[in-house]
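Scroll down for the structure; my scribbles are underneath it.
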Amino acid sequence: MSINLKGRNFLTLKDFTSEEITYLLDLAADFKDKKKKHIAVDTHRGKNIALIFEKTSTRTRCSFEVAAHDLGIMTTYLAEGSQIGKKESIADTARVLGRMYEGIEYRGFEQKIVEDLAKYSGVPVWNGLTNEYHPTQMLADMLTIREHLGSLKGKKLVYFGDARYNIGNSLCIVCSKLGLNFTACTNKKYFPSQSLVDECAAWNKESGGSITLTEDIESAVKDADIIYTDVWVSMGEPDEVWEERIKDLKPYQVTSDVVKKAKPSAIFMHDLPSFHNLDTTIGKEISKKFGITEMEVTDEVFESSQSVVFDEAENRMHTIKAVIAATI
Ligand code: CP
Ligand code: NVA
């Protein structure tokens, strides 16, 4: 079956079949191989794309910029200083950018915003993270798993922490689409919504994957192939949530004791940035205020040989390149 994604938006993986996701992973792997061999891929020369960032970023912004440059595409970075959302609505912004650019990336708040951009711009729109979903991260994660473990179907991925935000939700979706067994192991306040789990059931039926929600660490981590976590407090959440979040999620910190209970071949993943030590401006503030030195993962696990977090970070660029090239 030939796959053609030209003109498609990339807003959530809910909209993509397993064949389409696999196509993007294969394309990314091909781009990665070509990059290592210094083979040029600037097939999109003369095109322009806009990158809107209403939240901060290192990996996603750099990935879009480098990927675009490799494809021969010019980028415009829009953050502070643009009219977006302040003097001009998203619908108006979308119609302006759609006249000048062949594609638009958006990172920011509600999913509705990126959907409106797509609705009004008339060009492909890519979700670079919203409160609800982070689909480009999922492609990088799946490529990384495939590289390290050889395949995706039937692998057990255990996610610790806040499973009802962008990363938890998106893992739930991508695992269901591609047939991985997804376990969210956390305080039940942070389980993905029942409506999302119900929606995933149909994809799991087809793919052979499954979703388990549990508060029990022992059973969750048993036979795990992948251990994954994310920050306990996400961008845009109010400072007031820190105290409760630390109390609720500290029992679900990824420590070497937890990792030891998984398969010996298990890999550790994190979308990054990570509070594996608190040696950053925000980290130091948190450390001082709450008397802790590590959060979602210990420094020992983060720096261990089982950790593949920097492969994951690199793969953001190759997979984003695939998304841009396939949809423009
Ligand atoms: N993982 C990720 O999206 O990283 P950035 O916030 O640095 O873009
Ligand atoms: N859940 C995190 C992901 C960062 C890539 C956040 O939204 O801040």
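Scan the range 303-316 residue by residue and report those that are within 18 Å of the chain's Cα centre (by Cα) and surrounded by 14 or more Cβ atoms within 10 Å (Cβ to Cβ). Within the range 303-316, SER307, VAL308, VAL309, ASP311, GLU312, ALA313, GLU314, ASN315, ARG316 qualify. Checked against (1) in contact with a strand residue (DSSP E or B) (Cβ under 7 Å, 6 or more places away or on another chain); (2) closer than 28 Å to SER151 by Cα, THR75 passes all but condition (2). Checked against the criterion of being hydroxyl-bearing (Ser, Thr, Tyr) and over 17 Å from ASN166 (Cβ atoms), the candidates THR43, THR58 yield just one match: THR43.
Per-residue answers, yes or no, for (1) away from ligand 1 (no atom under 14 Å from the Cβ); (2) over 25 Å from VAL221 (Cα atoms); (3) at pLDDT 95 or above; (4) of a type in the set (Val, Ile, Thr):
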{"position": "LYS87", "(1), (2), (3), (4)": "yes, yes, no, no"}
{"position": "ILE90", "(1), (2), (3), (4)": "yes, yes, no, yes"}
{"position": "ARG95", "(1), (2), (3), (4)": "yes, yes, yes, no"}
{"position": "ARG99", "(1), (2), (3), (4)": "yes, yes, yes, no"}
{"position": "GLY108", "(1), (2), (3), (4)": "no, yes, yes, no"}
{"position": "ILE113", "(1), (2), (3), (4)": "yes, yes, yes, yes"}
{"position": "GLY122", "(1), (2), (3), (4)": "yes, yes, yes, no"}
{"position": "ARG146", "(1), (2), (3), (4)": "yes, no, yes, no"}
{"position": "LYS156", "(1), (2), (3), (4)": "yes, no, yes, no"}
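Checked against (1) crowded, with 17+ Cβ neighbours inside 10 Å; (2) in contact with an Asp or Glu (Cβ under 8 Å, 6 or more places away or on another chain); (3) part of a loop (DSSP other than H, G, I, E, B), LYS35 meets all criteria but (3).
Please verify whether ILE211 is over 18 Å from VAL158 (Cα atoms), in contact with a Phe, Trp or Tyr (Cβ under 7 Å, 6 or more places away or on another chain) and either hydrophobic (A, V, I, L, M, F, W, C) or away from ligand 2 (no atom under 16 Å from the Cβ) (or both), treating the condition exactly as stated. Answer is no for this residue.
Assess whether HIS276 counts as being touching a strand residue (DSSP E or B) at 6+ places or on another chain (Cβ under 8 Å), over 20 Å from ALA220 (Cβ atoms) and either within 16 Å of ligand 1 (Cβ to nearest atom) or modelled with pLDDT under 95 (or both). So HIS276 passes the test.
Would a scan of the range 169-188 turn up a residue that is closer than 19 Å to SER274 by Cβ, touching a residue at least 60 places away in the same chain (Cβ under 8 Å) and not in a loop (DSSP other than H, G, I, E, B)? Among the residues of the range 169-188, at least one is closer than 19 Å to SER274 by Cβ, touching a residue at least 60 places away in the same chain (Cβ under 8 Å) and not in a loop (DSSP other than H, G, I, E, B), which makes the answer yes.
When the range 241-282 is filtered for residues that are within 16 Å of ligand 2 (Cβ to nearest atom), closer than 24 Å to GLU132 by Cα and free of Cβ contacts under 8 Å to residues at least 12 places away in the same chain, the ones remaining, listed by number, are VAL241, ILE282.
The values are calculated or read from the model by the stated rules, or taken from the named source; none is laboratory data. Quick caveat, the model's predicted, so the values are computed rather than measured. Cβ sites come from the backbone with ideal geometry, for glycine too, and all protein chains shown count toward neighbours.
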